[in-house]
Each structure stands twice: as structure tokens, then as C-alpha cells.
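*Asks:* Input: one structure, supplied below.
Read-outs throughout are calculated quantities, based only on the coordinates presented, and are distinct from any laboratory measurement. Since the model is a prediction, treat every value here as computed from it, not as a measurement. Please note: Cβ atoms are built from the backbone with ideal geometry, for glycine as well, and neighbour counts cover all protein chains shown.
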Amino acid sequence: MAEEDKELEEEKDAGTGTESKGFPKKWIIIGVVVLVLGGGGYAAWDFFLAKRFLDRNNPQTEQTRHSTAQVRDETFGSIYKMDSFIVNLLDREGKRYLKTTIEFEVENDDITKKLTRRTPQLRDAILLLLTSKSFEDISKPEGKLRLKNDLIVRVNQILPGGGIRTIYFTEFVVQ
């Protein structure tokens, strides 16, 4: 009987040993998965969602937005509107047209007076620039922004001392 008891104890020890090896592996894998998912969730919150959520619910941020908007309104320059332009775009067949209306934001009213006196030079420079563009050049937003920058540079070259802050396309039709 003593021998049978020893064999039973050995079998229990051997059985417990195999069960204890499988048990920690399973829980270690589950723990690692939980940590990875938790870390990914935290990273997503921290990088993408926290700023939007916290800014939206923060009254100080709302006040900052309003004060920034007021500063922008106070520093907004005068607007000088030009007549519409209708030009042929650079195209092999010559079948593409651009109709656009441009408005300039200027630093002060003195520049508006200079623009009025130099309207023929401005129209000429703008017409030459617009007709040098193809449909592919201006069909995408990046092309329109490049055209705006080109126009600002060209107009500031004509005006003594510059003074154009930005340009607004109030009409932009390609046919």
C-alpha cells in the first residue's frame, strides 16, 4: 500500500506540473493582449481625441477662439474688387475658358488708390498670367493656391512697396 500511495502522489505531482505549465502561458498571453489593446487605446485617445474633446468642453478655449476671431476682424484689410476676367486657357485645341473674379485684400486705403490708378497694368499682368495656365495647372486646389501666390507676387511687383495681403477668387469657372 505504501508503494501505491507513492505512485499516486507522483502522478498527482506530474499532473499538477503539466497543468501549472499550461495555466500561466494562457494567462500571460491574455495579459499581453490586454496591455497591447489598452496601450493602443490610450495612444489613440492621447494623439487624436483628447485635444478635440477637451478643447470643445473648455470654456477658456472658447473664449480664446472668440478673441482670436476678434483680432482677425480688427486686422482685416480693405478689399479692392476687380472686374471679371474671361481668358482662353493654354490648351492645344484652345477650347478651354476661364472666367474669374478677383478681389485683393490690401493693407490700407492708400494701396486701394494705387490699385485704382494702375488698373490697366494690373489687368495686363493678370491676363498674361492667366493665359499661361493650362486646365491641368488650375483644376486642383493646389493649382489654385499656386495661382493665388503667383498673382500676389505679380501684383506686388507692379505696386511700389507691395501691399497685397491675399487674393480671393469670388468666381472661378472653367469651361
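*Asks:* Place a point 7 Å from the Cα of Asp91 along the Cα-to-Cβ direction; which residues of the range 131-175 have their backbone N under 15 Å from it?
*Replies:* Once the point is set 7 Å along Cα→Cβ of Asp91, 131-140, 173-175 turn out to lie under 15 Å by backbone N, inside the range 131-175.
*Asks:* Give me the three principal axis extents of the range 78-174 from the C-alpha atoms, as integers in angstrom, largest value leading.
*Replies:* The Cα atoms of the range 78-174 stretch 42, 24, 20 Å along their principal axes.
*Asks:* Put a dot 7 Å past each Cα toward the Cβ at Asp83 and Gln175; how far apart are the dots in nm?
*Replies:* 1.9
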